[in-house]
1. Which members of segment 14-37 meet the condition of being among the β-branched types (V, I, T) and assigned to a helix (DSSP H, G or I)?
2. Would you pick out the residues in segment 38-73 that are in contact (Cβ under 8 Å) with a residue 40 or more places away in the chain and either outside any helix (DSSP H, G or I) or on the phi > 0 side of the Ramachandran plot (or both)?
3. Which pairs do you get when a residue that is touching a residue at least 40 places away in the same chain (Cβ under 8 Å) and closer than 16 Å to E57 by Cβ, found in segment 8-37, comes within reach of a residue that is among the hydroxyl-bearing types (S, T, Y) and surrounded by 13 or more Cβ atoms within 10 Å (Cβ to Cβ), reach meaning Cβ atoms under 8 angstrom, with the pair 6+ apart or on two chains?
4. Filter segment 62-116 down to the residues that are among the hydroxyl-bearing types (S, T, Y), at pLDDT 80 or above and more than 17 Å from I195 (Cβ to Cβ) and list them by number.
5. Return yes or no: is K74 surrounded by fewer than 12 Cβ atoms within 10 Å (Cβ to Cβ), over 30 Å from A184 (Cβ atoms) and not assigned by TED's automatic domain parsing to the domain that holds K196?
6. State whether one or more residues within segment 164-177 are of a type in the set (F, W, Y) and modelled with pLDDT of 75 or more.
7. Please enumerate the residues belonging to segment 1-13 that are part of a helix (DSSP H, G or I) and either β-branched (V, I, T) or within 15 Å of T67 (Cα to Cα) (or both).
8. Can you pull out the residues in segment 167-189 that are of a type outside the set (A, V, I, L, M) and either without any contact (Cβ under 8 Å) to a residue 24 or more places away in the chain or in contact with a Leu (Cβ under 7 Å, 6 or more places away or on another chain) (or both)?
Amino acid sequence: MTKVQYLDNLKSALASAGIDNPSLYEYYAEMLEDRIEDGMSEEEAVADMESVEKAVEAARLDMPVTTLVYDKIKDSHEKATQKGHGVLWIILAIIGFPVWLPLLASLFVIILSMYIALWAVIFSIYAVELSLGVSALGCMFLPFIGFFQHIPFVTVIGSIGCGLLLGGITILLWKPIIALSIAAIQLFKIPIRGIKKLFVR
């Protein structure tokens, strides 16, 4: 398969899936170009890419859950209508309303709870980092007060030592905390993608 054929198939598949994302098309075109510039032939570059089906599935998994649920319901209704069961589908949807609505509501509550919990953990981590930084500044500021309040010299030296220690810990923890935050966000995406897959299939 040539580069043009792959990109045409991708464009057609994205349009069929209702995904209007020109940047995604350009991203795959650029990936192909990079492979070709590295010395691959067009056929080798295309073979090295993920299939069009997997590319479309990945694009759908990046869509909001609400959009996927709506598309799934719409697709189900269209299939029922094509088989001549459109009215029956609506009747069953109404009858099953007390069942599927609470299930959908529970799903969204679970996702929202996970989202809130994630950001609560991240906020707590940054709050600890901030408190360490503020404590370090407070300890370093104490010697200036000592000149006016007659604080013992040993206490002033100890305060400076604590300030330097806390400041050093704050600086050392900064990068690991950022890395931990990014990892937590990536970890949060795993169950969300698992839920989305239920509606992509």
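1. Within segment 14-37, just I36 meets the criteria.
2. M49, M63, listed by residue number.
3. L10/Y25; L10/Y28; L14/Y25
4. Within segment 62-116, just T81 meets the criteria.
5. Numbers: surrounded by fewer than 12 Cβ atoms within 10 Å (Cβ to Cβ): yes; over 30 Å from A184 (Cβ atoms): yes; not assigned by TED's automatic domain parsing to the domain that holds K196: yes.
Yes: the conditions hold for K74.
6. From segment 164-177, those of a type in the set (F, W, Y) are 174; that's our starting set.
So of that shortlist, the ones also modelled with pLDDT of 75 or more come out as 174.
Yes - at least one qualifying residue is present in segment 164-177.
7. Of segment 1-13, the ones part of a helix (DSSP H, G or I) are 3-13.
Answer for segment 1-13, where residues must be part of a helix (DSSP H, G or I) and either β-branched (V, I, T) or within 15 Å of T67 (Cα to Cα) (or both): just V4.
8. The first filter runs over segment 167-189 and keeps only residues of a type outside the set (A, V, I, L, M), leaving 167-168, 170, 174-176, 181, 186, 188-189.
G168, T170, K175, P176, Q186, F188, K189 - these are the residues of segment 167-189 that are of a type outside the set (A, V, I, L, M) and either without any contact (Cβ under 8 Å) to a residue 24 or more places away in the chain or in contact with a Leu (Cβ under 7 Å, 6 or more places away or on another chain) (or both).
The values are calculated or read from the model by the stated rules, or taken from the named source; none is laboratory data. All values reported here derive from a predicted model rather than from experimental measurement. In this analysis, Cβ positions are derived from the backbone assuming ideal geometry, glycine residues included, and neighbour counts consider all displayed protein chains.
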